[in-house]
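Some notes on the structure that comes next.
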Amino acid sequence: MDNKGVLVCGEIVEGKLAPITIELLGVGRKLADELGEDLSALLMGGKAGGLGQEAIAYGADKVYIAEDSLLDSYNSDAYTQMAADLCQKELPSIVLLGHTDIGCDLAPRLNGRLGGGLAMDCLELSLDSAKMLVSTRPVFGGNAHATMVSKTARPQMATLRPKTVPPAKRDDSRKGEVIPVEGKLDPAALKVKVVERIKEEVEGVKLEDAEVVVSGGRGIGSAQSFEMLRELASVLGGAVGATRPACDEGWAPMTLQIGQTGKVVSPKLYIAVGLSGAIQHIGGCLGSKYIVAINNDKEANIFNVAHFGIVADYKEVLPALTAKFKELLSA
Amino acid sequence: MNIIVCVKQVLDPEIPPAKFKIDPATKKVIPPPGVPPVISVFDERAVEAACRLKDKQGGKITVISLGAAQAAEVVKHTIAMGTDEGFVLQDEAFEDLDSFGIAYVLGKAIEKIGAYDLVLCGRQSADWGNGQVGSILAEIMGIPVVTLACDIEAADKKLKVKRIVKDGYEVLEAPMPSLITASSELGLPRLPAGMRIMIAARTQVPVWKAADIGAQGPELDKAKAHTEVTGLSVPSRKTECEMISGDSPGQAAENLAAKLAKLL
C-alpha cells in the first residue's frame, strides 16, 4: 500500500486552533508514532498561516497551509475540493477530523470523493495487530458500541467526538515543516452559494454547553409545567432539555430535543423529570457525570441508568428542589 | 418538480432499553418480538420536506428503501404522507452493506428512476447512524450536496436551503439537481390521514432486485468493501441508583439537593 502517514484536518475558530483540533493532534501523534510515520495537519483559511508553528508545537511534523480566501469560512464545496486535492497528492493512510458541524459535513464528502473507509463520531481510535485503524463508535444511540475497520480502502478515516480525549501537550521546542499548499481553488467548482449566515442568540446557557441539564418528558403534562423545569435550570445556571414525545406534543421546541435523534449532551448533572427513559433518549444523555431521575413510576427505565432517584410526583419535588438549591448556592 | 427520497426502516428507537439485545457473534441487533420497525426519524423529515415542496410546486415524489422485504411498510407510510410511488431494493447481495455499498445501490436505483431535480435523505439513520450515505451518494452521482437542512424552498430552478450550524444557521443556494439531507429541526412530519391511508393500503410496492437496477457483480463487491464492522457490544454500565427518600416528596427533594450540592 502506498498510503502513508496520519493527516489531521484542522479547524480554526476565531483565529485559533479549535480545541478538537488539538485533541486530534494528540491522537494523531500517538497513531503516527505507533506506525512509525509522520503526522501532518491541514489548516485552511486566511488565518491559517499564523497557526502552522502552533500545530507543530501540538505534535504535527508537517503543516499544510491553504490560505485561499474562499476558505475563510466553512464552505462545503471549497473545503472538500481543497482537502481532496491534498489527500490525492499526499496519500495519507489515516485522515482524522472532528465530529463537529464542519467535520460532519466534510468527512463523508471527502470520503465519497476519495473512496476511503469512514467511521463517524468515534469515541476511541487505535491500531490493531495489523496496524490498521480501529474506530470505536456508538450505535443505536449509544446503547451499543461498534468497532469498525477499513481493510483495503484508503484512506482510513474517522471523525472524533469532541472532548473524548485530552488535548495534546504543547511543546514549543518541537520542530516541523510548514508547507504552503500550491494551487488555487476554481471558483466555478463551487456549486452551492452561501447566501447568509445567521447567528442565533440563545437565552441563557446553550444546551450543548450546559453543565446542568433539566430535562422533561411526557410525564410533565403541559407546556406550562415546563416552566418549573426552567426555574430549576436557571437556579443551577443550566439549560432545559426535552424528550421526543414532549417536543412532539409542542411543550418544548424541537431544538431542545435530547436523544439519539436530537442533541447529545454530557453535562455534569442531568436531571430527568417525568420521563421513562426510552433507548433513544438515554442515548443522548449517557455521557452525563450524574443522572438524577424524578418519576412517580418506580419501574421506569430511567432509574436503571440514574445515580440518584426520587419516586414521587415531580410537581411535589421540583419546587422544594429549586428552593433548596437556591438556598445552598447563595450560601 | 421530481423528487426522490431515500428512506430506511429501523428498529423503533422508542423501545425501553430492557428490550435492546444484541448478538455479538453476528454483530447484529436482535429485533424485539412484537415491536414493528419504523421509518428512521430523519428520513421521515426528508419525506416531510418533499411533501412540503410538492404542496407548493406540485410534482412527483418517488421513494426508495433499501432493506428487507418488510421495508414496503415504510414506503407505504410515506405514500400515506403524500408521496406518489415507491420501490424496495431487496436482494441477498444487499445484506450487510457498508455506507459506500448502500450509496452505490441507491445510486443505481436512482439511475433507473431517471429524471430528478432533488434527492433527499435523512442526515443519518436512527440505528447505525453512520451519517454519510447522502454525501457519498451525491459524490457518486456528481451532484452538489447540502447537509443538515431544516428548511427547503424551490424557485427558479434553484433550491434555497436553511442549514443548521453550531451557533445558528446558514442560508445556501444550490442548483437543481442537488442532494439534501434533512435534520430533525425541519419540524414534525405530517400524520397520514383520510384517503391517503386508503391509497397507501392498496398500494403494491414493487421490489427491485440487484439485477433490476444493475447493482451487482464486481462493481457491487468493490462498493461494499470500504468498512467492516468487527465488533458490537453493549457497554457495561454499572450504575447503582441511590433512592433518596424523606418524610415527604419535598423533604426528599431537599435531601437530594444537599447531596448534589456536595458533588458539584
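The values are calculated or read from the model by the stated rules, or taken from the named source; none is laboratory data. Small disclaimer: the values here were computed from a predicted structure and weren't measured. Cβ: placed from backbone, ideal geometry, glycine included. Neighbour counts: every protein chain shown. The area values use the complete protein model at the heavy-atom level, side chains included, leaving out ligands, DNA and RNA. Shrake-Rupley method; radii C 1.70, N 1.55, O 1.52, S 1.80 Å.
The table below gives the values:
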item: Under-5 Å amide H pairs with A:E124, H placed in peptide plane, nonlocal only; result: A:T136
item: Global geometry of region A:207-330, whether rounded, prolate or oblate, following the gyration tensor of its Cα atoms and the 1.5 cut on a/c; result: rounded
item: Among beta bridges that DSSP assigns inside chain B, antiparallel share in %, nearest 5; result: 45 percent
item: Percent carbon-and-sulfur accessible area, region B:2-223, ignoring ligands, DNA and RNA, probe 1.4 Å; result: 54 percent
item: Cut-off under 5 Å, modelled amide H: who pairs with A:V63 long-range; result: A:A41, A:E177, A:V178, A:I179
item: Eligible lysines near A:K30 by straight Cα distance, threshold 23 Å, same-chain separation 8 or greater; result: A:K4, A:K16, A:K62, A:K131, A:K151, A:K163, A:K169, A:K175
item: Value of relative contact order over region A:1-115, rounded to a whole percent, pairs C-alpha under 8 Å and six or more apart; result: 31 percent
item: Residues in region B:93-127 occluded by at least 20 Å² - accessible area, probe radius 1.4 Å, against chain by itself; result: B:F100, B:A126, B:D127
item: Buried area at the A-B interface (accessible, heavy atoms, 1.4 Å probe, summed, Å²); result: 6900 Å²
item: Cα gyration tensor, region B:50-147 - rounded (a/c under 1.5), prolate or oblate; result: oblate
item: Among A:L91, A:L190, A:L42: highest mean-square fluctuation, GNM of chain A, C-alpha pairs under 10 Å; result: A:L190
item: Cα-based equivalent ellipsoid of region A:6-189: semi-axis lengths in Å, sorted from largest, via gyration tensor; result: 24, 19, 16
item: Two-site FRET efficiency, A:E211 against A:V13, from Cβ-Cβ distance with R₀ of 22 Å, rounded to 0.05; result: 0.60
item: Antiparallel content of DSSP bridges confined to region B:78-215, in %, to 5; result: 60 percent
item: Distance from region A:244-270 to region A:87-115 (C-alpha centre basis), Å; result: 29 Å
item: Residue among A:A146, A:A189, A:A32 with the largest mean-square fluctuation in a Gaussian network model of chain A, springs linking Cα atoms under 10 Å; result: A:A189
item: Alpha-carbon centroids, region A:278-331 and region B:92-115: separation in whole Å; result: 45 Å
item: Solvent exposure of region B:135-194 as accessible area per residue, Å², 1.4 Å probe; result: 37 Å²
item: Spin-label model distance (nm) - A:E299 vs B:C241, 7 Å beyond Cα toward Cβ; result: 1.3 nm
item: Amide H contacts of A:V139 (H built 1.01 Å from N, under 5 Å, at least 5 apart or other chain); result: A:A144, A:H145, A:A146
item: Exercise: per-residue mean of other protein chain Cβ atoms within 10 Å, A:193-200; result: 6
item: Euclidean distance between Cα centres, region A:33-56 to region B:210-264, Å; result: 34 Å
item: Förster radius 22 Å - calculated FRET efficiency between B:R190 and A:A223 (Cβ-Cβ, nearest 0.05); result: 0.55
item: On Cα atoms only, tilt of B:41-57 relative to the major axis of chain B in degrees; result: 50 degrees
item: Long pairs among B:K76/B:K157; B:K54/B:K158; A:K268/B:K166; B:K108/B:K157; B:K8/B:K76, criterion Cα-Cα beyond 19 Å; result: B:K76/B:K157; A:K268/B:K166; B:K108/B:K157
item: Listed residues A:T243, A:T261, A:T80, most fluctuating in chain A (Gaussian network, C-alpha, under 10 Å); result: A:T261
